[in-house]
Every structure is written in C-alpha cells, then in structure tokens.
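Structure below; questions to follow.
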Amino acid sequence: MVRLPELSVAPMEGVTTFPMRLWLTMTSQPPAMTSPFLKVTRAFPESALPDTFIPELMQLREALPYELVPQFITGEPEQFLRAAAFIPPTLAPVIEINCGCPSPNSMGRYAGSGMLSDPEFFARSIETLSQELGPGRLAVKMRLGVQSDAEFPALLAALTALPLARLTVHARTRADGYRGQARWTEVQRAASGTRLPVFASGDVWGWTSWQRLQSTAPDIRGAMIGRGLLRNPWIFCELQSGTKTRMPALVFVNALFCYALLQEIFLRDAGKLFQRVVRGRLGSICGVDFGAWEKATVELTNLVFGVPFLLLQKDSLKPRTLSPVAFSRLRFLWSYLRSSLPEPLAAPGLMRCRQAPDFFELLLETIEDAGLETIEVSHQEAWDAQFAGLRG
Ligand SMILES: Cc1cc2nc3c(=O)[nH]c(=O)nc-3n(C[C@H](O)[C@H](O)[C@H](O)COP(=O)(O)O)c2cc1C
C-alpha cells in the first residue's frame, strides 16, 4: 500500500494545473501533489484522458520528482471507474474522488459536496469504488458536511472500515465555502477515532500554523497546502526547514516571470514544454538560487519569444508581451502572494496593471524605489481575515 508523503499540494481547479505544478517544483519542490478535479460524465472522457490533465503520469513519467494523485469528480461511481480504467495502477497507484466541491452544478448532480447530501448514497458509492479499485488505491477528499459539522460523524462512519489510501478532510462545510477558520478539531476526531490515514486541508499558511495544526490534531498523517502556496510559493522550503525564505530581489522577479512564461507556453504549445521537461531542462528545484533561475528564465524566454533574456531592468520585457490569459493567471497568483511581501509590494498599484510589461516594469521600479535588495516571503496574519472572507 502506497504511503503518501506528509505534505502535499492541494488540488485547486484552474490553479494547480501543470504549469503551476512545474513552477512549484522549481520554487520549493513539494513531494506530492493532487491534480485539480477532472469532471467525468457519461460522454467524457471518451477514449482517453486529456493530454494536459496529468502529463506527469503519462508522457512525463519519471521526469519530475513528485508523486501525483489524479482527482475525478462525478456523482456516478460507474463513470469514475470508467475514467479510472484509463490509468492502471502501475501509472496511478492512488486515485482520488472529490466529495467537497461546493459549486451548485456539482451539488445538483450529487457530485462533490453533493455526495455528502445523502449519507447512504455516499456510503454506497465510496464502498463500491473502494472494492472495485482494490485495497489502498482510493483516496477521498471531503468536507465536514453540507450544512453543519453535525453531519460529519455519520459520513465518517461509512468510511472507517474501508482500506483507503488517504482520507483528506477539508475542515469546513459546503455552506462555509472558503470562509471562516478550518475546524482542525474535527480532523483530529477522524484521525483519532479511525485507523484511516487522515490528512488535514485548510489554513496551513506556513511553519507556525503547521505546528499549530500538529498540536491540535496530533494523529493526522499530514496536510495538504492550498491557498498557502499561493501566499508563499516557497512554503515547502519553510515547512521543511522551519525558517523563512529570503531571496535576492532579482531572483523573486525572474521566478515570477518564469511562472507567467510557463503559463504562456502551456497555452500556446504544451508539447514543447513537455519536451523541455523530458530533456531535463526544466523541472528541478531553483529555490532562491540566482544561477538556477537564470537558466530557467533563459530557457523559457527562448521558448516563448525566440530570444533568451532575463528581467534585469524596467524595460526588459518591452515591446514583447504575454497573452491576457497568461497574465490573468499571474495576477491571480499576485492577489494572494502580495499578502506575504514587504509593504511597498503589497500596495494595490501592481494589482491594477493590465498588461505583463507594465506589471514587471512597476514591480522593478517599486523594488528599486523601496531599496529592496532582498525579499522575504513571509505569512502575515493580518491578511488572514481577508482570505477567510471576514473583511472585504
Ligand atoms: C481556487 C480553488 C480551487 C479548488 N479546487 C479544488 C479541486 O479541484 N478539488 C478539491 O478537492 N478541492 C479544491 N479546492 C479546495 C482545496 O483543495 C482546499 O481543500 C481548500 O482550499 C482549503 O485549503 P486551504 O485553506 O489550504 O486553501 C479548491 C480551492 C480553491 C481555493
């Protein structure tokens, strides 16, 4: 039976897609990740999984240093099994079912959190999947219930006797969405009251909260990091070493540029990106090392623009630009990341940029004006209320 690593990247639809996973390997090399869900229906996927869903288990097999668990979402166990048949155990030792997605669309189809709305259906479905896939192959990711934590014990009871590879509890209900604090005591209830390998999901933002989680829920096997990796993409270094990550400002700028470039090339021609990974030119840890980021940036600018260069000065990117989609992904990351940066970078000006060259120009200008030679990426509790939906 596979023993999944203690810490891993949480699935985040539209966020932890392949370019983000590759970039996280470069920033802080998480040992394991779970793909965002693939929505499975009677008609989809028809004869194979999409090429870009889990390339790490297909064309990039063994090219990257992390374990990947694919996740499916569906309210129909038979469709889950049909899709699972595209990835034999030799490729995917563990496959996860999403029982947490709060979207009304999932709810209506008894998928995601919708599975939790009928405890008997939930119990039957998970038991069928566990039996059909075999011991140690099914992972379940769930919320505490639909409306209230009081639903959790009955839902949990349905799982206790099953040989699951992992039970991850996102310690909120569907009604909570992503608001409020994750209730880690409920995760501890699952970990101490069952023999399942229980993992926590929710509100691990860095070393301090990871320590707090371990003392509140000492029986968990580990945790998944979701929005915490957006607030600090170097979080896995911090969680391993217990120290904050500080880097030269130009490392920070070029690492961020690499993120945008990875998004761009993935959108334009994912096959070319895969080739570079297979050849070992991308996909190793760069951490805070300037030379390593220099190599990666040169590789990626060459791939995207046909010219190798670094972002060293304000106008380095002009007149070239990035597509609106790649830039919107960078802006999304920035909307979280800025909460962990020195004050001048957290200011709203950078959020207002509409194009990549303006963004990077203002970023370099702000760094220069503030005299920031190095940048520490460090969780600031003051922002937590905002991310918990308690303050606008
Ligand atoms: C943008 C976004 C997309 C998400 N997509 C998924 C998903 O595809 N599958 C899933 O099981 N959970 C998904 N989640 C939930 C996260 O995996 C995680 O359980 C939740 O965000 C709580 O953890 P955190 O506080 O570390 O973010 C998503 C969360 C966010 C914010």
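Among GLU76, GLU127, GLU96, which is the only one that is within 30 Å of ALA150 (Cα to Cα) and within 16 Å of the ligand (Cβ to nearest atom)?
Just one listed residue meets the conditions, GLU96.
Could you list, in sequence order, the residues of region 298-317 that are under 12 Å from PHE360 (Cα atoms) and surrounded by fewer than 14 Cβ atoms within 10 Å (Cβ to Cβ)?
Those that are under 12 Å from PHE360 (Cα atoms) and surrounded by fewer than 14 Cβ atoms within 10 Å (Cβ to Cβ): LEU312, GLN313, ASP315.
Okay, next question. Enumerate the pairs (first residue in region 194-210 and within 18 Å of ARG183 (Cα to Cα); second residue anywhere and part of a loop (DSSP other than H, G, I, E, B) and near the ligand (Cβ under 9 Å from one of its atoms)) with beta-carbon separation below 6 Å, excluding pairs fewer than 6 apart on the same chain, so at least 6 apart or on different chains.
Pairs that qualify, where the first residue is within 18 Å of ARG183 (Cα to Cα) and the partner is part of a loop (DSSP other than H, G, I, E, B) and near the ligand (Cβ under 9 Å from one of its atoms), are SER201/ALA10; GLY202/ALA182; ASP203/ALA182; TRP210/VAL204.
Of the numbered conditions (1) in contact with a strand residue (DSSP E or B) (Cβ under 6 Å, 6 or more places away or on another chain); (2) among the small types (Gly, Ala, Ser); (3) assigned to a loop (DSSP other than H, G, I, E, B), SER47 fails exactly one; give the number of that condition.
Status for SER47: all satisfied but (1).
Quick one: ASP203 ticks every box in (1) part of a helix (DSSP H, G or I); (2) outside the structural domain of LEU333 (by TED's automatic domain parsing) except a single one, so which number is it?
Answer for ASP203: the failing condition is (1).
Further question: Give me the residue from region 211-233 that is among the aliphatic types (A, V, I, L, M) and in contact (Cβ under 8 Å) with a residue 60 or more places away in the chain and, out of that set, farthest from ARG195 (Cα to Cα).
LEU230
Every residue in region 83-132 that is aromatic (Phe, Trp, Tyr) and in contact (Cβ under 8 Å) with a residue 12 or more places away in the chain, please.
Pass one, region 83-132, residues aromatic (Phe, Trp, Tyr): 86, 110, 121-122.
Passing the criteria: PHE86, TYR110, PHE122.
Further, regarding this structure: Take the conditions out of contact with any helix residue (DSSP H, G or I) (no Cβ under 9 Å at 6 or more places or on another chain) and assigned to a loop (DSSP other than H, G, I, E, B) and apply them to GLY283. Does it pass?
no
Across region 32-68, what is the total count of residues that are surrounded by fewer than 15 Cβ atoms within 10 Å (Cβ to Cβ) and touching a Pro at 6+ places or on another chain (Cβ under 7 Å)?
So the answer is 0.
Of all residues in region 154-183, which are within 11 Å of the ligand (Cβ to nearest atom), free of Cβ contacts under 8 Å to residues at least 40 places away in the same chain and over 14 Å from ALA139 (Cβ atoms)?
Hits for region 154-183 are ALA171, ARG172, ASP176, ALA182.
What do you reckon, is THR366 over 13 Å from VAL15 (Cα atoms) and assigned to a loop (DSSP other than H, G, I, E, B)?
The answer is no for THR366.
The values are calculated or read from the model by the stated rules, or taken from the named source; none is laboratory data. These numbers come from a predicted model, not from an experiment. So basically every Cβ, Gly included, is an ideal-geometry build from the backbone, and we count neighbours across all protein chains shown.
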